[in-house]
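Data first, discussion second: the structure below is written as structure tokens.
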Amino acid sequence: MALPQRKTDIGPPNYEQFLPPIIKKNYGKWKYHEELNGGTMVHVAESGDKLWTVRVASPRILSTDTIREISDIADKYCDGYLRFTSRNNIEFLVSNEKSLEPLQKELKQKGYTIGGIGNRVSNIVHTQGWVHCHGAATDASGLVKAIMDELFEYFTTKKLPNKVRLAVACCVNMCGAVHCSDIALVALHTKVPPIDHDRAGKICEIPTVIASCPTRAISPDPARKSVKINEEKCMYCGNCFTVCPAIEIHNPESDGIAIMVGGKVGSLRSNPKFSKLAIPFFYNEPPRWPKVVAAVKNILETYAKHARKHERVGEWIERIGWEKFFKLTGIEFTFVEKVLICSPDCHSCESRNPELIEFTRTGFPLKACGNDTYGYFRVFQQAVEIAPTY
């Protein structure tokens, strides 16, 4: 005799128990889907059954009141069925066409923005920022609000050559999808964090602090019963601050934001792509970040004007070349003749002779390390520290 299925809290529950009955009935047997407007589409099954999807934007960080409200709306029009997309859009799944219009009307009355379907800007996936994250170099929530206020029409009505995915990460640990989004912003700490030696030995576990550093820049300082940081190896990631508040990574005068472009997850027409650096640094300018917002809008509108139909941002850049991308967008184009150059503390290089390169953005001679793990950032961060351009 088979034992009854034991309920457990280990692992996620089976997703099938959350599917609407119409999806269970037609699972794997969908004929096509069609975009009805900027925020609504219909899926048609081989059986003739139809499922309508109404997508609305969310602020991502939701209050319990908002969650209760959208749940009540789903109960009223969708038999309780809704879902959150990977970029934090809310999708109401409607199986009765008669409920479609009243649902959209109530959503608009309650201030929800319908859109984000098809060749448009989707909701921005972002990290916690200053609201919750202890190591944030910018305020992700405030930055996203400022950007989407400016790009609102591209979420609702204006169409683009293809869908555009945006992301914001509030530090280089990148909890957001910055590495694989069409246009992405990553916040940066740019200085070695100072150590409060009086507190470090009292409130921090020294072995844990040393182990937290991905570049082995932290070592013991027995004389002070603390730790010390090798400035040449530090990449300003803030992992040490995560385990030891006595190593303060935040610096409001030097923290800032870089803009990446060209990433994507999908494999349609071309392989997935990593994002690449377009603009290395902006200083934080809360609460509206005018320079960052203007730069993002400029890249988006230049892409909208010059890309071919169905091209993603990265595909468009690959076709025209990076030099032309910088020319069309008006972003200063710089070229480093040699990046992977050995330095004395790098054990991955055969040579041990440091060389100097000319970093053309600043005109300063800078040392670069051949270690692929952090070679580029060594060049960039020293450049920012000596002569920030933005």
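The figures follow:
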quantity: Count of residues meeting criterion [open to solvent by less than 100 Å² (accessible area, probe 1.4 Å) and of a type outside the set (A, V, I, L, M)] in the range 1-51; calculated: 21
quantity: Those residues of the range 306-331 which are within 16 Å of LEU160 (Cβ to Cβ) and of a type in the set (Asp, Glu), in sequence order; calculated: GLU311, GLU315
quantity: Where ILE195 falls short, out of the listed (1) in contact with a Pro (Cβ under 8 Å, 6 or more places away or on another chain); (2) farther than 22 Å from GLN128 by Cα; (3) crowded, with 19+ Cβ neighbours inside 10 Å; calculated: (1)
quantity: Close pairs (9 angstrom Cβ cut-off, 6 or more residues apart or separate chains): within 18 Å of CYS237 (Cα to Cα) and modelled with pLDDT of 95 or more in the range 201-226, open to solvent by 80 Å² or more (accessible area, probe 1.4 Å) and in a helix (DSSP H, G or I) anywhere; calculated: ILE218/ALA211
quantity: Qualifying residue in the range 237-254 (condition: open to solvent by less than 20 Å² (accessible area, probe 1.4 Å), among the aliphatic types (A, V, I, L, M) and touching a Phe, Trp or Tyr at 6+ places or on another chain (Cβ under 6 Å)); calculated: yes
quantity: Residues that are of a type in the set (Asp, Glu) and within 22 Å of THR138 (Cα to Cα), drawn from the range 284-335; calculated: GLU285
quantity: Residue, farthest from ASP139 (Cα to Cα), within the range 265-276, restricted to residues that are surrounded by 12 or more Cβ atoms within 10 Å (Cβ to Cβ) and free of Cβ contacts under 8 Å to residues at least 60 places away in the same chain; calculated: SER270
quantity: Test: residue in the range 258-270 that is within 20 Å of the chain's Cα centre (by Cα) and more than 15 Å from ILE183 (Cβ to Cβ); calculated: yes
quantity: Matching residues in the range 178-192 - criterion: being surrounded by fewer than 22 Cβ atoms within 10 Å (Cβ to Cβ) and not β-branched (Val, Ile, Thr); calculated: HIS179, CYS180, LYS191
quantity: Residues within the range 92-140 that are within 22 Å of HIS43 (Cβ to Cβ) and among the hydrophobic types (A, V, I, L, M, F, W, C), tallied; calculated: 8
quantity: So LEU36, is it part of a strand (DSSP E or B) and closer than 20 Å to GLN17 by Cα; calculated: no
quantity: Residues being open to solvent by less than 40 Å² (accessible area, probe 1.4 Å) and over 16 Å from ASN88 (Cβ atoms) - total across the range 143-171; calculated: 7
quantity: Residue list for the range 92-115, restricted to those being surrounded by fewer than 20 Cβ atoms within 10 Å (Cβ to Cβ), not polar (S, T, N, Q) and not in a helix (DSSP H, G or I); calculated: LYS110, GLY111
quantity: Identity of the residue in the range 21-33, part of a strand (DSSP E or B) and either within 31 Å of the chain's Cα centre (by Cα) or acidic (Asp, Glu) (or both), that ends up nearest to TRP52 (Cα to Cα); calculated: HIS33
quantity: Residue match in the range 215-233 (condition: within 23 Å of the chain's Cα centre (by Cα), of a type outside the set (Ser, Thr, Tyr) and open to solvent by 10 Å² or more (accessible area, probe 1.4 Å)); calculated: no
quantity: Residue check for GLY118: over 28 Å from VAL313 (Cα atoms) and either open to solvent by 10 Å² or more (accessible area, probe 1.4 Å) or of a type in the set (D, E, K, R) (or both); calculated: no
quantity: Residues (under 22 Å from ASN173 (Cα atoms) and open to solvent by 60 Å² or more (accessible area, probe 1.4 Å)) located in the range 198-207; calculated: GLU205, PRO207
quantity: Those residues of the range 139-164 which are at pLDDT 95 or above and in a loop (DSSP other than H, G, I, E, B), in sequence order; calculated: LEU151, LEU160, PRO161, ASN162, LYS163
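A quick yes/no check of all residues on (1) without any contact (Cβ under 8 Å) to a residue 24 or more places away in the chain; (2) loosely packed, with under 15 Cβ neighbours inside 10 Å; (3) of a type outside the set (Phe, Trp, Tyr):
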site: PRO286; (1), (2), (3): no, yes, yes
site: TRP289; (1), (2), (3): no, no, no
site: GLU301; (1), (2), (3): yes, no, yes
site: LYS305; (1), (2), (3): yes, yes, yes
site: LYS309; (1), (2), (3): no, yes, yes
site: ARG312; (1), (2), (3): no, no, yes
site: TRP316; (1), (2), (3): no, no, no
site: ARG319; (1), (2), (3): yes, yes, yes
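The values are calculated or read from the model by the stated rules, or taken from the named source; none is laboratory data. Quick caveat: nothing in here was measured; it's all calculated off a predicted structure. All Cβ positions, even for glycine, are placed from backbone atoms using ideal geometry, and neighbour counts span all protein chains on display. Accessible surface is based on the protein model in full, side chains and every heavy atom, while ligands, DNA and RNA are left aside. Shrake-Rupley method; radii C 1.70, N 1.55, O 1.52, S 1.80 Å.
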